[in-house]
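> Below you'll find the structure I mean.
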Amino acid sequence: MSCQKGEKQQSVPVLLVLLALIACNIATPLYAQRMLPTLPDAIYYNAKIITVDEASNISEAVAVRDGRFLAVGTNSEVRGLAGPQTQMIDLHGNTVVPGLMDNHNHQFHVILLTLRGIDLQGVGSLAEMLERLQQAAAEAAPGETLFTRAGSWDFTDSPEQRPPSRQDLDAVSRDHPIVVFESRARQYVNSAALDRLGFTRDTKTHRRIRLGKDNDGELNGEINGRGAAALHMLLEKVVPPPNLDEQKALIKEMHFRQHAMGLTGIRELQLFPDIMRAYYELWREDGLTMRVSMGLELNAGEEGGLEAMIAPWGVGSGFGDEWLRIDGIAEFNLGDLLREPATSTGSTGTPRTSVESYKQAILMMNRYGWRPSIHVKGDRTLDIVLDAFEAANQERSIQDRRWIIEHAILIHPEQIARIKRLGVMMSAQFQPYNDLKTILRDWGPERAGKVLRMRDLLDAGIIVSGGSDWPSAPNNPFLNMYFYVTRHTVDMETVALDQKISRMEALKVMTLNNAYLTYEEDIKGSIEPGKLADFVVLSDDILTVPEEQIKDIVPLATYVGGQNVYSRPDASF
């Protein structure tokens with residue numbers, strides 16, 4: 001389904017002419033391009049253009065008109081299309097690929113954590129960090145919350161070798177709530193912040209939040225809260241949220257940072273409607289430079305309110321245009337349940353809600369035309385999810401509805417067969433690259449040796465796309481492709497070498513397959529006439545550079561809709 005802004009409606013003579021020429025089969029593709037009634041806005045030539053089209057063609061030049069690819073071919077052929085106003089860009093032999101996409105990106109969570117608050121960059125000790133907080137407290141309004149940017153300070157690099165305690169932060173101020181973000185999963189707070197949160201020594205675990213305690217059972221100020229719901233609760237009650245204008249400005253800043261990674265599109269998962277509104281306002285203002293597919297957050301245990309949440313929408317998954325779409329219900333995590341006990345704990349895990357309640361929620365999504373996008377890591381979780389998907393399929397077919405399983409790190413052949421039968425897609429990332437030691441500890445070597453079965457999934461004919469799960473892992477798409485191709489991890493160990501895929505397959509996973517995931521394979525994901533002119537100029541040839549150097553490739557320039565949204569300062573064109 002698609003919607004268009006009235007003020008943006010345009011005629012599509014290029015596409016109509018292309019369709020007519022193809023239907024009549026009257027000439028070669030390039031001849032058809034020459035017959036187009038419009039001249040290119042720009043031509044990029046002297047390049048190695050990896051088109052990722054059906055035939056995996058390699059070309060030399062591409063012409064762009066009105067934000068779309070107009071022609072692809074040899075240097076002489078495409079340059080021959082130039083008019084007097086056409087901009088000519090010599091790429092000096094650099095490699096060009098379609099715009100890269102991230103299928104699992106928590107961009108706004110990163111914005112809230114890293115683009116706001118007190119910057120602790122350059123702080124060398126705990127004492128210096130506390131002094132900086134005292135300076136901020138002296139300048140703050142009465143009762144104003146003081147909070148830091150996540151990732152701007154690491155206590156393991158300090159001489160004290162410890163994070164701040166509640167007592168440390170109370171010494172800074174007992175009047176100002178203080179939150180020191182180590183990450184989205186761990187924070188350190190003072191007594192005033194604990195009071196606002198309503199946490200005491202007797203507080204039971206709340207929405208995946210664990211509270212650190214001293215030996216005497218008193219709260220020590222550490223909050224370990226994994227997941228978006230925990231973060232949202234903390235921000236909502238203690239840290240002032242950005243207003244709409246601030247949200248829009250922060251989104252635009254983060255888009256630029258992600259363009260610098262070569263990203264032209266993301267699936268922005270686990271959003272609440274107020275954040276969706278900021279994206280919508282940017283869309284109305286033509287302020288988006290990143291193509292965004294928005295996932296609506298639902299947490300296990302909250303499914304009782306699902307119908308009330310989605311019934312008023314009137315639209316569902318896939319609604320939108322090439323800039324902004326509704327994606328699905330994300331991530332609805334039942335928990336990381338295992339068929340066999342974890343080697344580290346002896347436990348198979350505990351569901352976060354009842355299996356029956358979980359299934360009923362999946363059925364509800366299907367009835368309202370929303371697709372689930374389900375967090376799955378454990379193999380027992382995948383069994384339960386596939387059972388629910390099959391039940392939904394009995395009520396209303398989910399074939400060709402592009403339902404999604406996220407992660408699926410531990411998966412078995414018979415589960416792959418079930419996924420194929422249901423027409424479900426896989427949203428894969430590269431967790432073993434950073435987390436192999438944890439996987440070995442929790443699952444043991446036999447299970448760890450079979451993780452993330454990319455080769456088996458692709459060979460089964462399942463559409464697999466790639467992404468990061470940022471900020472849980474880096475949002476660098478070249479790390480994805482490096483891992484998919486080599487199966488090397490961050491410490492140079494290897495895992496499941498039989499699951500390697502080719503470089504071209506890895507590139508397709510990060511481009512065309514991601515476009516399919518967002519209902520857009522007909523308009524993006526490859527460099528072909530008529531498609532959106534999203535592309536990246538690379539520092540090295542991803543098809544020929546030594547394998548170990550794939551992870552070191554960087555974008556020289558990123559283009560979205562034919563517009564340059566990032567250029568590396570040392571780019572030579």
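Every read-out reported here was derived from the displayed coordinates using simple, explicitly stated rules and does not represent laboratory data. What you see is a predicted model; the values in this text were computed from it and never measured. Ideal geometry is used to build each Cβ from the backbone, glycine not excepted, and the neighbour counts take in all protein chains shown.
> Report, ordered by chain and residue number, the lysines lying within cross-link reach of Lys237, taken as a straight Cα distance under 30 Å and ignoring same-chain residues fewer than 8 apart.
Reachable lysines: Lys204, Lys213, Lys248, Lys252.
> What distance in nm separates the simple spin-label points at Val315 and Val490, each placed 7 Å from Cα in the Cβ direction?
Label at Val315, label at Val490, 3.9 nm between them.
> Quick check on the chain: what does the Kirkwood estimate of hydrodynamic radius come out to from the alpha carbon pairs, in Å?
One decimal place: 25.4 Å for the Kirkwood radius.
> Expressed as a rounded percentage, what relative contact order does region 425-573 have, with Cα pairs under 8 Å and six or more residues apart?
19 percent
> Count the net charge of all other residues whose Cβ sits under 10 Å from the Cβ of Val292, scoring Lys and Arg as +1 and Asp and Glu as -1.
Neighbour charge sum, excluding Val292 itself: +1.
> Can you give the net charge of the other residues whose Cβ lies under 14 Å from the Cβ of Val451, counting K and R as +1 and D and E as -1?
Every neighbour counted, the sum reads +1.
> Could you grab the relative contact order for the chain? Cα pairs under 8 Å, six or more apart, rounded to a whole percent.
Relative contact order, the chain: 16 percent.
> Which value in deg cm²/dmol, rounded to the nearest 500, describes the helix-derived mean residue ellipticity at 222 nm for the chain, given -39,500 (n - 2.57) per DSSP H run of n ≥ 4 and division by the residue count?
-9500 deg cm²/dmol
> Please report the spacing between the Cα centers of region 498-573 and region 260-290 in Å, no decimals.
Comparing the Cα centres of region 498-573 and region 260-290, I get a distance of 20 Å.
> What percent does the relative contact order of region 244-564 come to when contacts are Cα pairs within less than 8 Å and at least six residues apart?
Across region 244-564, relative contact order equals 14 percent.
> Compute the FRET efficiency between Glu547 and Ala171 as 1/(1 + (r/R0)^6), taking r as their Cβ-Cβ distance and R0 = 60 Å, and round to the nearest 0.05.
0.70
> When you take every Cα atom in region 117-237, what is the radius of gyration, and what is Dmax, the widest Cα pair distance, in Å?
Expressed in Å, the Cα Rg and Dmax of region 117-237 come to 13.5, 37.
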